[in-house]
């Protein structure tokens, strides 16, 4: 991304006028003086310091320290993408840009406000399509707001820090239970230094029928962002949570390592949509997992467009009969990018169903990898699972890999996996060009058609944003 | 049976001497042995190729009795009369062979590697573990290169068409057998060959076989390897074809026996315009672990490969399939397909399927599919509505599940044996479930 | 004939899951009779066909079905076939790996309860295939695998001829077929009508005309609402609607 303006793509002037270029729109960097930041590198002192700043109870500090011990004792993963560029000693683990989280937009410091204005936050809220907005700048949540009607029904949409202070029972019941600190090295790291994120509780039967939104931004060079999100959808409830992510372009790499835990109780449904558009010097190593109880539905809609390396495999553990898990994902890997994304579906109860649809596009030497697991435990009869992965290669330097794992220990099941890799078809291209489209436009149209089944699942203005980002990625893809 | 004990340097030297090998072959063995000693056994936790295969179950030291020639004769192996040539190996020694005189006159060779050394030494030296399978690929290829027994050598000269099929039978009586098959089909030649591996039910043993098939320009090869080891045999093997320009090869494997079997089955598409079909069936039953790793290695442009592996898993059986389509950056216009279908029949059956695509070229058509399912009750109903009892309907469906691959095996008697072996497994499974699957 | 088989369906109630589909259907038919069953989509025609054959997803909640006094509902599908019941499926399943001839011989042996020599079987099969205008290589193909719609229906008719049932249900066997193929189905019915009682589910008046049925039944909402002769089918064609059935029933 942030490619130099290409003289050959004059036809995109109109488009550029609409959205600007990445460097202009998202790649800017505020020269603000941070209120507080910890020293670089990770030590027990820093973890204690973060906990002290947040005025946390002892049990949370203890969890952080457990996470730290496991992080230090665990080697780097030897699979997936190339992680050798991460230097844990160079990272600033905690940066605070604003003194407190604001609930009125006017109270947010001007420079941060300017940043989010340029990102379209809270434009999204003003558009009245979204039920609530949270915005995070480096480590801390700077703005949180929830429409009054949901508040009245008992919906909570808070920063996790507020939740620790005001709803400790709920947090203690679920924090680290779905993704224990020992799950993997980066979950351990997040447990040790987490800051910001979202905490959502939806009471039984409440349907939040417009999306709750969060926007994450890294502003400080070489900073890590380690947000922690916990969503509890009580019985029969519904919530759609949407997150967007950006970062300015620095010469040094940044690290984003979030943990997202979701509990979907009996009959509830949660949809979690992500448009990940980190600048392409961010390592995006995220652990996301939901547990779904009887007749509950968990849906991950996951679009990975930015970052240098993404390793992310949203999971659904189906614990009781009738649970359903779903992942719809799009990955776009351009020059210098590796999208290693996929999904885990764990069928731990009979009559559970899951579906994965993954679409990836690679160009300019970008590499996209689908990595997935479908696991069926013994005794889980009547399981149905289906995986479809399609990869589109736009040029001869691109690379696509597919690694689906199917582990099945029960016979009364139906599991299917299909994948295909192809280039943009010459016949298709010829057909469109014979109708007067130039090659760029024709390829763009084919790419849009390719991802359409997933884009249409996004809220409207996100779908528009998504298409814009894809066009940006596609720019100058010919010649 | 006389034998050498232990995977040691002394055993290498003694084995080579017993087989009266030329110096270059002993040197090749010793080089492999040195590397073997320096190479650890695969780490079954971190090495993806081995992650689902528990090698700790194999006591390599106890099984390291390497057979040497001892004048044994063919035992219960019945010579198929529908083959135009046969070669029978017992414990690593060629005990009998015959070949249609007309084929022999055209220069076709079907014998042991060692008997062919005087006449075809250069050919063997050029192709034996040099460019199809190489000793240094891993611990077990090194083990094989150091301790291989008297294996099969089959050669079809340029342009010669072998009508009918050749059959090689390999029997294991115990200890370690490192059977090597070197099959060379020269430019424009045609060959069908079946290899069968068997042992008696009470035999404990280790088999580390390698089959190399070198298909020359425009050669046509149909190969089938059927493994029916007894229930106490462990196996780690490699079967690979190296396909030259325009070659058309079908490589079919039946993986049925053994306690633990790990097979690496591969096609190297090294010549433009080559086409390889990889077909396989497996049917692990109680306590068996059958593990197959396949590679469709597209090295050059304009090649086609098609894989279809069918597996049924019975009670407490474990099946692992990992298949990779690998397309090198130069291999444009690749057309590759891969399908792994699993039928889960037994209680506590476990099947893992990992169909992998690694694509580094852009102008390709690659797709893969995998499925794990049970017998479709709608079809059971359909067959029952035509009068078939439930058990019979199920048996018919399982037999039908394997048929598309079995029918590709070129020798009628081997097809019949495969069908029989499958039927026997279905019957055993049904018997332990009161007649039903 | 003295031993005319009789199928008696009495007050049959059938559900799929919790949903009742058949709500007290009664019908008696004899070997040698031709019955046509017509009705709107969703009225329960296919449910009747599947329930008679014993499909496990169709729960008979009350009522009875007997063939010559024998309780059909207590039997497995293959035992019903052995008693002489046959269902021609609307969408027969593909079974790759099982050849048509191998399947049919095994089915015929099961139904007749005796071994049939390969020679005898091949001879009668060739005759049947000839009657249906099928090419000999059809016998070697996998059952319904890659068959066109017409081939599937022809294959169902071949099974009917081979198994020679006493009572046959044709579940919209004519759907999706051209005029020529519909005629072929009608010809099979007419040729077999002395040894088989037919219950033909169809939407086409021309099929009814070709078959010259003894009875036409009109079904709505899980019951037979009206029984008459060929004039009922003609009236359906004229009215182009089912509304009058409810009004007059």
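Key figures for this structure:
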{"quantity": "Filter result (surrounded by fewer than 17 Cβ atoms within 10 Å (Cβ to Cβ) and either in a loop (DSSP other than H, G, I, E, B) or not assigned by TED's automatic domain parsing to the domain that holds residue A:260 (or both)) within the stretch A:168-184", "calculated": "A:177, A:180"}
{"quantity": "Subset of the stretch C:206-232 (residues that are part of a helix (DSSP H, G or I) and over 23 Å from residue C:89 (Cβ atoms))", "calculated": "C:209, C:230, C:231, C:232"}
{"quantity": "All positions within the stretch A:189-209 that are assigned to a loop (DSSP other than H, G, I, E, B) and surrounded by fewer than 23 Cβ atoms within 10 Å (Cβ to Cβ)", "calculated": "A:203, A:204, A:205, A:206, A:209"}
{"quantity": "Of residues in the stretch B:377-410 being part of a loop (DSSP other than H, G, I, E, B) and at the interface with chain C (Cβ under 7 Å from one of its Cβ atoms), the one surrounded by the fewest Cβ atoms within 10 Å (Cβ to Cβ)", "calculated": "B:389"}
{"quantity": "Residue within the stretch B:329-340 that is in a strand (DSSP E or B) and touching a helix residue (DSSP H, G or I) at 6+ places or on another chain (Cβ under 9 Å) present", "calculated": "no"}
{"quantity": "In the stretch B:261-284, residue nearest to residue B:220 (Cα to Cα) [restricted to those that are in contact with a helix residue (DSSP H, G or I) (Cβ under 9 Å, 6 or more places away or on another chain) and in a strand (DSSP E or B)]", "calculated": "B:279"}
{"quantity": "Members of the stretch B:311-328 that are touching a helix residue (DSSP H, G or I) at 6+ places or on another chain (Cβ under 8 Å) and surrounded by fewer than 22 Cβ atoms within 10 Å (Cβ to Cβ)", "calculated": "B:315"}
{"quantity": "Condition met for residue A:278 (part of a loop (DSSP other than H, G, I, E, B) and in contact with a strand residue (DSSP E or B) (Cβ under 6 Å, 6 or more places away or on another chain))", "calculated": "yes"}
{"quantity": "Candidates A:53, A:86, A:46 - the one that is away from chain B (no Cβ under 14 Å) and under 23 Å from the mean Cα position of the chain (by Cα)", "calculated": "A:86"}
{"quantity": "Residue within the stretch B:353-375 that is surrounded by fewer than 20 Cβ atoms within 10 Å (Cβ to Cβ) and facing chain C (nearest Cβ under 10 Å) present", "calculated": "no"}
{"quantity": "Whichever residue in the stretch B:77-90 is at pLDDT below 90 and surrounded by 17 or more Cβ atoms within 10 Å (Cβ to Cβ) and, among such residues, is nearest to residue B:166 (Cα to Cα)", "calculated": "B:83"}
{"quantity": "Residue count for the stretch C:101-143, restricted to those that are outside any helix (DSSP H, G or I), surrounded by 12 or more Cβ atoms within 10 Å (Cβ to Cβ), under 23 Å from the mean Cα position of the chain (by Cα) and within 14 Å of chain B (Cβ to nearest Cβ)", "calculated": "2"}
{"quantity": "Options C:191, C:186, C:168; residue that is more than 28 Å from residue B:341 (Cα to Cα), more than 11 Å from chain B (Cβ to nearest Cβ) and surrounded by fewer than 19 Cβ atoms within 10 Å (Cβ to Cβ)", "calculated": "C:191"}
{"quantity": "Selection from the stretch B:84-102 of residues that are within 23 Å of residue B:173 (Cβ to Cβ) and either touching a residue at least 60 places away in the same chain (Cβ under 8 Å) or in a helix (DSSP H, G or I) (or both)", "calculated": "B:86, B:87, B:88, B:89, B:90, B:91, B:92"}
{"quantity": "The stretch B:145-161, residues that are modelled with pLDDT of 95 or more and surrounded by 24 or more Cβ atoms within 10 Å (Cβ to Cβ)", "calculated": "B:145, B:146, B:147, B:148, B:152, B:153, B:154, B:155, B:156"}
{"quantity": "From the options A:334, A:366, A:306, A:322, residue that is more than 20 Å from the chain's Cα centre (by Cα) and either crowded, with 24+ Cβ neighbours inside 10 Å or farther than 21 Å from residue A:448 by Cα (or both)", "calculated": "A:322"}
{"quantity": "Test: residue B:17 is under 29 Å from residue B:115 (Cα atoms) and surrounded by fewer than 12 Cβ atoms within 10 Å (Cβ to Cβ)", "calculated": "yes"}
{"quantity": "Candidate set: the stretch B:287-324, residues that are within 14 Å of chain A (Cβ to nearest Cβ) and in a loop (DSSP other than H, G, I, E, B); chosen: the one modelled with the highest pLDDT", "calculated": "B:301"}
{"quantity": "Close pairs (7 angstrom Cβ cut-off, 6 or more residues apart or separate chains): facing chain B (nearest Cβ under 7 Å) in the stretch A:404-433, surrounded by fewer than 24 Cβ atoms within 10 Å (Cβ to Cβ) and at pLDDT below 85 anywhere", "calculated": "A:411/B:346; A:423/B:362; A:423/B:363"}
{"quantity": "Every pair of residues 6+ apart whose Cβ atoms lie under 7 Å, when the first sits in the stretch A:62-81 and is within 14 Å of another protein chain (Cβ to nearest Cβ) while the second is exposed (fewer than 15 other Cβ atoms within 10 Å of the Cβ) and assigned to a loop (DSSP other than H, G, I, E, B)", "calculated": "A:78/B:46"}
{"quantity": "Scan of the stretch C:36-89 for residues that are touching a strand residue (DSSP E or B) at 6+ places or on another chain (Cβ under 7 Å), part of a loop (DSSP other than H, G, I, E, B) and within 14 Å of chain B (Cβ to nearest Cβ), ordered by number", "calculated": "C:57, C:84, C:89"}
{"quantity": "Leading residue by the ranking (surrounded by the most Cβ atoms within 10 Å (Cβ to Cβ)) among those in the stretch B:38-57 that are out of contact with any helix residue (DSSP H, G or I) (no Cβ under 8 Å at 6 or more places or on another chain) and over 25 Å from residue B:317 (Cβ atoms)", "calculated": "B:46"}
{"quantity": "Any hit, the stretch B:297-310, residues being surrounded by fewer than 24 Cβ atoms within 10 Å (Cβ to Cβ), in contact (Cβ under 8 Å) with a residue 60 or more places away in the chain and within 24 Å of residue A:356 (Cα to Cα)", "calculated": "yes"}
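Residue-by-condition table, conditions (1) in a helix (DSSP H, G or I); (2) surrounded by fewer than 19 Cβ atoms within 10 Å (Cβ to Cβ):
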residue: B:104; (1), (2): yes, yes
residue: B:121; (1), (2): yes, yes
residue: B:126; (1), (2): yes, yes
residue: B:131; (1), (2): no, yes
residue: B:140; (1), (2): yes, no
residue: B:143; (1), (2): yes, no
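The values are calculated or read from the model by the stated rules, or taken from the named source; none is laboratory data. As the structure is a computational prediction, the values presented were derived from the model and not from experiment. Don't worry about glycine lacking a Cβ; one is built from the backbone with ideal geometry, like all the others, and counts go over all protein chains shown.
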